[in-house]
1. Put +1 on the Cβ of every Lys and Arg and -1 on every Asp and Glu Cβ in the range 25-79; which of Gly61, Asn28, Thr38 then has its Cα farthest towards the positive end of the dipole?
2. To test your reading of the geometry: what angle, between 0 and 90 degrees and rounded to tens, separates the Cα axis of helix 40-59 from the longest principal axis of the chain?
3. How high is the FRET efficiency from Lys63 to Val22, r the C-beta distance, R0 22 Å, rounded to 0.05?
4. Under the definition of Cα pairs under 8 Å and six or more residues apart, what whole-number percent is the relative contact order of the range 25-79?
5. So for the chain, what are the equivalent ellipsoid semi-axes in whole Å, largest first, each being the square root of 5 times an eigenvalue of the Cα gyration tensor?
6. If I stretch the segment between Asp72 and Arg45 completely, what's the gain in nm (0.36 nm per residue apart, minus their alpha carbon distance), one decimal?
7. Give the whole-number value, in cubic angstrom per residue, of the convex hull volume spanned by the C-alpha atoms of the range 29-73.
8. Helix-only mean residue ellipticity at 222 nm, the chain, DSSP H runs n ≥ 4 weighted -39,500 (n - 2.57), per residue, nearest 500. What is it?
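Each value in this text was obtained by applying a stated rule to the coordinates, not by laboratory testing. Predicted, not measured: the structure shown is a model, and the values here were computed from it. Counting neighbours? That spans all protein chains shown, and the Cβs are built from the backbone with ideal geometry, glycine included.
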Amino acid sequence: MTKFTIHSDVPLPRPRSKWGDVPWRDLNIGQSISVDETDSEQIRRGMNAMHSAMVRDKKKGSKMEFKVLQTDDGFGIWRTR
């Protein structure tokens, strides 16, 4: 028989996403973040992950607006509003 143990006050583990640490919510209007990445698959995944996070924020009522665009060195995130 399998044993189970109930625990209290155990913090949730951090998300495994490597893009979860990008401080895009801290940007002021006109500021940007550049994400240096050379692997085209990682660029695509990173851009998709950031765009999805921003759409989720917008659906929750955020007034902030961003652009995520590919650059020569990877991709960038710009706060536009």
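1. My answer, from the dipole projection, is Gly61.
2. 80 degrees
3. The computed FRET efficiency comes out at 0.65.
4. 51 percent
5. In descending order, the three semi-axes are 32, 18, 11 Å.
6. Computed gain between Asp72 and Arg45 is 8.1 nm.
7. Spread over its residues, the Cα hull of the range 29-73 gives 62 Å³ apiece.
8. Per the formula, -8500 deg cm²/dmol.
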